[in-house]
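One structure is given here, and the rest of the page talks about it.
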Amino acid sequence: MKRNLTCIICPRGCSLEVTIENGSATVTGNACPKGAQYGADECTHPTRTVTSTVRVANRTDVMVSVKTATPIPKDKMAQAMRQIRALRVDAPIAIGDVLAEDVCGAKLVATCPIQ
Amino acid sequence: MVYDVGIIGAGVVGGMTARELTRYRLSVCLLERENDVACGASKANSGIVHGGFDPEPGSCKAQLNAPGVPLLFEAARQLHVPYRKNGSMVCAFSAQEEAVLDELFERGKQNGVPDLELLSGDEARALEPNLSPAVTRVLRAPSAGIVCPYALTIAAVGNAMDNGAALKTNFEVTAIEKADDCFTVTSSDGETVRCRYLVNCAGGYADRIAALAGDDFFRVIPRAGEYLLLDKAEGARVSHTIFQVPTSAGKGVLVSPTADGNLLVGPTATEVETPDAKQTTPDGLRAVMQLAPKSVPSVALRQVITSFTGVRASTAGGDFLLQASEKAPGLVHAAGIDSPGLSCCVSIARRLVELLQGAGLVCADNPDFNGERPDTHAFRKMDDDARDAWIQSHPDYGRIVCRCETVSEGEIRAAIRQNPPARDVDAVKRRTRSGMGRCQGGFCGPYVMQLISEETGIPLAEITKNGKDSRMVVGRL
Amino acid sequence: MTEHEIVIIGGGPAGMAAAVAAYDRGVKDVVLLDREAAPGGILRQCIHNGFGLHKLGRELTGPEYADVYRRQVEERGIRVYSETMVTKLTPDRVVVAQNRSGVLRIQAKAVILAMGCRERSRGALNICGTRPAGVYSAGTAQKLMNCEGYLVGRRVVILGSGDIGLIMARRMSLEGAKVEAVCELMPYSGGLTRNIVQCLEDFGIPLYLNTTVAEIHGARRVEGVTVAQVDENRNIRPETGRYIPCDTLLLSVGLIPENELTRDAGIPMDPVTGGALVDEMRQTAVPGIFACGNVLQVHDLVDYVSDEAELAGQGAAAYVQGMRRESQPLQTAAGEGVRYVLPQRVHPDADGDVSLFLRVKAPYGRVRFTVRAGDEVLATAVRLRAAPGEMEKLTVKHDKLAQAAGEITVSLEELQ
């Protein structure tokens, strides 16, 4: 099976052609090794970093921005969002604070400080 | 309670009428269907104070226009509303059009317009260098001017309220009954207001209000006019209001500075189905863009910051319809107030008071009346030292919320507190100019919503753009 | 009147990086004037990731990237005036600002302009129709969502495929809104490829090219929009009109450098970039006034903003320290296929290599850029592709520049 993708590792946006045979991927069109890795991963187990916000319970109308510390499977983004939306946290919060231990396999960390 | 006078419609005529009535010992209540005053034709028009040479001599418009101009400027001065006596020019481009100018000149003299003059094209260009070289002759009316129409309405209502008048917004009249010399006016929410006399200043809906009172004798013909508003960088393109002679091919459009320093071009004139038909159209905007450069070829139309449509409330006769109802004694109509309605708003208000007196209203002087309204733009007019001193005692004025128009938090809070109180984003915009600049509310919008919420207690999710269902957001995350 | 050596207007990524660079070059009396309650500028609402790959070698979100610089500013003890709005700038570097404690008048030895940009609004586009609630510029919607925690709409059409619009398409989709379409007037997207992939394709959101919003419907709140295709002159083809019900229209139709202060100070501007004309250290034509970041040219990557701000910070510090260039600067110019080149003038005796930033006029495949001064080739570079949405950077070597004479032109040629 062949798939054509645009590499998103950097703004260069290389056009990749990925060939998958017997579960292993061969990538062409990449300008760097990261592109080959991306092409292979995107066709076998695509992942995304999810960024969102969480309501701060002990502040009025304050949101803390968050991200999954590592990428999660792309098909679990909706599930991750349900988990994130249900979350309530208390300030003070520092950048990097872990706000949830397991969101679809990743830690959820704060990306902005709340006094 | 029973008010002495109820006024339906808080536009510029309703507002000025309320203000005139508070000069007397009278209780007055303004009824407005929208969430704020000045939401109809008073919001979206040219803002021109016409000299008065246009109306047919002897007409109601002719009687009220020229004498109304100094009254309007005096009111604007007392109410601290931005205005400028910049004068107007009507441009002719051919011998045929020059003949029209001669006619207008004669008419103007009959109507009592002061200081009218006919200028050659070159004489006019000496005063107004960006005028087209194709202009052959100009009728100049130095007495004409410009005023901010919604600021005038807001200030008139505010001043009336400061002098004791009441304002009920979101009061859409659905029934009018008269019994025992008293009108009972009912709103769509079932609220009632009782009053002995009633003034119909309902603009585009004046015919429906008349019909509710059993006095169904005229029709409002809504006519839409589309405009383009240009950046302040274009505000000095012309200093006069520049009209074109109406021709068989069309009415022509005006190019004018506004009282706030922008440049306005428009309007079109298209009959529409309802007074709410406030959409802009490709044809309308194209027509304005094509016609404006005829008189001022250098106008930079790419500097457009917004476009809008206003709907005139005309009537078939073409004249103002100011009269006491024959079928419902105590009711007075002010209908068909299209151009030059703004120019005549004070003289119309005074005519309406006379009509009410004729219908039996007793007007005893109110010794407490104060026609001056505090200047809501005092802060922006201060120099740096005065600002510094003011901020020391009013720190909210130190924080700028709208950067395009340099509007402070203090001014926005004041606009929400002062009469008539602002309750939505557009109401704050009309009072403070916050959101009226180049970014059109992109930066200040969220802050304005927060301030309205803080001041009024309305939850942020319920804040509207202009009342009713115009919510800014759909909910919390 | 107080005095400071360097006053920086704007506390976003450009202002912070400029402050740090100036300080590190030995000018300790630097103050930052910022409009917002906390420094960081627009990055504070850009909660998505993708920042810092070039500059910091790791992928951060906007608030994290801002925090890196906020710490650097704080560690150096650089004074930040928050909620402070500059209202006036004179050519002799008097800065007037106001905040809750009053009006500040500062005489600066050097000023760095770092006010950023604003979004083009609906009015400037002249979209016909009504004026209901629910028409937002994408950045305003982003602020309401990411900073205030409100959902601006449930059924959305986005006009413009600029990066903020694409980012908001994903953000609103993640929060449960249905993004019906992204319409782009041009035949190509103005956004970064990674955003097309991750923000649209991931969520099955259609991107319609050569398409615009012809009319907005709805009396109080948006009820729908008519979208239509445009011809090669960008005029609407009414017969292609199609109604899409929605409650929100987001506009992501371009950014405009915020140069009101710059213009009022009489600083000469470049009509193409919308920013000031500058030299390689980002000094404007008014001595001692520098500019960097989106107020100078709209960038796609904050990493380049930081780089540019460092140049301005170093340049301002050198200016305060009395350094003046002796040589006559050479003008730069956009040649074949190139829309603009920045800086607009370069001193041949500049310190070190000089980077030229440019945008191309249209999308291309493989291209070669050539930098020439007269007949002399100063630099060439080959790119696999070039697009108007992606800023290019070309470096001219110090020794080549030192010998250059005449106008410096950058042009491109397509390669097979």
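The values are calculated or read from the model by the stated rules, or taken from the named source; none is laboratory data. Just so you know, these numbers come straight off a predicted model, no measurement behind them. Glycine gets a Cβ as well: all are built from the backbone with ideal geometry, and neighbour counts include every protein chain shown.
Working only within segment B:376-411, note down all residues that are surrounded by fewer than 17 Cβ atoms within 10 Å (Cβ to Cβ), within 9 Å of chain C (Cβ to nearest Cβ) and under 28 Å from C:Cys117 (Cα atoms).
Selection gives B:Asp384, B:Pro395, B:Asp396.
Of the residues that sit in segment C:389-416 and are within 14 Å of chain A (Cβ to nearest Cβ), at pLDDT 90 or above and over 14 Å from C:Gly335 (Cβ atoms), which one is surrounded by the most Cβ atoms within 10 Å (Cβ to Cβ)?
Residues of segment C:389-416 within 14 Å of chain A (Cβ to nearest Cβ): C:389-393.
In the following step, the residues that additionally are at pLDDT 90 or above were identified as C:391-393.
Among the residues that remain, those that are also over 14 Å from C:Gly335 (Cβ atoms) are: C:391, C:393.
Details: C:Met391: 18, C:Lys393: 12.
For segment C:389-416, the residue satisfying everything is C:Met391.
Do you know which residues across segment A:49-59 are surrounded by fewer than 22 Cβ atoms within 10 Å (Cβ to Cβ) and at the interface with chain C (Cβ under 7 Å from one of its Cβ atoms)?
Residues of segment A:49-59 that are surrounded by fewer than 22 Cβ atoms within 10 Å (Cβ to Cβ), as a first pass: A:49, A:55-59.
Listed by number, the residues that qualify are A:Thr49, A:Arg55.
Six or more apart or on different chains, Cβ atoms under 8 Å: show the pairs whose first residue is in segment C:41-58 and within 17 Å of C:Lys143 (Cβ to Cβ) and within 12 Å of chain A (Cβ to nearest Cβ) and whose second is assigned to a loop (DSSP other than H, G, I, E, B) and among the small types (Gly, Ala, Ser).
C:Leu43/C:Gly12; C:Arg44/C:Ala38
Could you say which residue among B:Arg403, B:Arg387, B:Arg417, B:Arg413 is touching an Asp or Glu at 6+ places or on another chain (Cβ under 9 Å) and within 24 Å of C:Glu260 (Cα to Cα)?
Working: B:Arg387 fails: touching an Asp or Glu at 6+ places or on another chain (Cβ under 9 Å); B:Arg417 fails: within 24 Å of C:Glu260 (Cα to Cα); B:Arg413 fails: within 24 Å of C:Glu260 (Cα to Cα).
Sole residue among the options that is touching an Asp or Glu at 6+ places or on another chain (Cβ under 9 Å) and within 24 Å of C:Glu260 (Cα to Cα): B:Arg403.
Of these, B:Arg373, B:Arg312, which one is basic (Lys, Arg), outside any loop (DSSP other than H, G, I, E, B) and crowded, with 20+ Cβ neighbours inside 10 Å? Steps first, answer last, please.
On the way: B:Arg373 fails: outside any loop (DSSP other than H, G, I, E, B).
Just one listed residue meets the conditions, B:Arg312.
State whether one or more residues within segment B:122-133 are in contact (Cβ under 8 Å) with a residue 40 or more places away in the chain, under 30 Å from B:Arg25 (Cβ atoms) and of a type in the set (A, V, I, L, M, F, W, C).
no
Among the strands (runs of 3 or more DSSP E) confined wholly to segment C:194-301, which include 2 or more residues that are of a type in the set (A, V, I, L, M, F, W, C)?
Numbers: elements: C:211-217, C:224-229, C:242-245, C:248-251, C:255-257, C:289-291.
The qualifying strands (runs of 3 or more DSSP E) are C:211-217, C:224-229, C:248-251, C:255-257, C:289-291.
Report, ordered by the first and then the second residue, all pairs with beta carbons closer than 7 Å, sequence separation of six or more or different chains, a first member in segment C:266-288 that is within 15 Å of C:Pro348 (Cα to Cα), and a second member that is in a loop (DSSP other than H, G, I, E, B) and polar (S, T, N, Q).
C:Val278/C:Thr284; C:Val278/C:Gln344
Out of C:Glu336, C:Glu308, I need the residue that is under 28 Å from C:Asp29 (Cβ atoms) and of a type in the set (D, E, K, R). Which one? So that I can check it myself, show each step before the final result.
Values: C:Glu336 fails: under 28 Å from C:Asp29 (Cβ atoms).
Checking each option against the conditions leaves just C:Glu308.
Tell me which of these B:Asp216 doesn't satisfy, since it passes every other one: (1) under 27 Å from B:Leu26 (Cβ atoms); (2) over 26 Å from the mean Cα position of the chain (by Cα).
Condition (1) is where B:Asp216 drops out.
On the basis of being surrounded by 24 or more Cβ atoms within 10 Å (Cβ to Cβ) and at the interface with chain B (Cβ under 9 Å from one of its Cβ atoms), does C:Thr130 make the cut?
Working: surrounded by 24 or more Cβ atoms within 10 Å (Cβ to Cβ): no; at the interface with chain B (Cβ under 9 Å from one of its Cβ atoms): yes.
No, not satisfied.
Go through C:Ala333, C:Ala312, C:Ala291, C:Ala317 for me and flag whichever is in contact with a Lys or Arg (Cβ under 8 Å, 6 or more places away or on another chain), within 24 Å of C:Asp399 (Cα to Cα) and among the small types (Gly, Ala, Ser).
On the way: C:Ala333 fails: in contact with a Lys or Arg (Cβ under 8 Å, 6 or more places away or on another chain); C:Ala291 fails: within 24 Å of C:Asp399 (Cα to Cα); C:Ala317 fails: within 24 Å of C:Asp399 (Cα to Cα).
From the options C:Ala333, C:Ala312, C:Ala291, C:Ala317, the qualifying one is C:Ala312.
Which condition number in (1) within 20 Å of the chain's Cα centre (by Cα); (2) of a type in the set (A, V, I, L, M); (3) closer than 30 Å to C:Gly10 by Cβ is the one that C:Ala362 fails?
The failed condition is (3).
Just one of C:Arg368, C:Arg324, C:Arg372 is among the basic types (Lys, Arg), modelled with pLDDT under 95 and more than 21 Å from the chain's Cα centre (by Cα); which is it?
Numbers: C:Arg368 fails: modelled with pLDDT under 95; C:Arg372 fails: modelled with pLDDT under 95.
Step by step, each of C:Arg368, C:Arg324, C:Arg372 is checked, and only C:Arg324 is among the basic types (Lys, Arg), modelled with pLDDT under 95 and more than 21 Å from the chain's Cα centre (by Cα).
Can you go through C:Asp67, C:Asp34 and tell me which one is acidic (Asp, Glu), more than 13 Å from chain A (Cβ to nearest Cβ) and surrounded by 20 or more Cβ atoms within 10 Å (Cβ to Cβ)?
When all the criteria are applied, what remains is C:Asp34.
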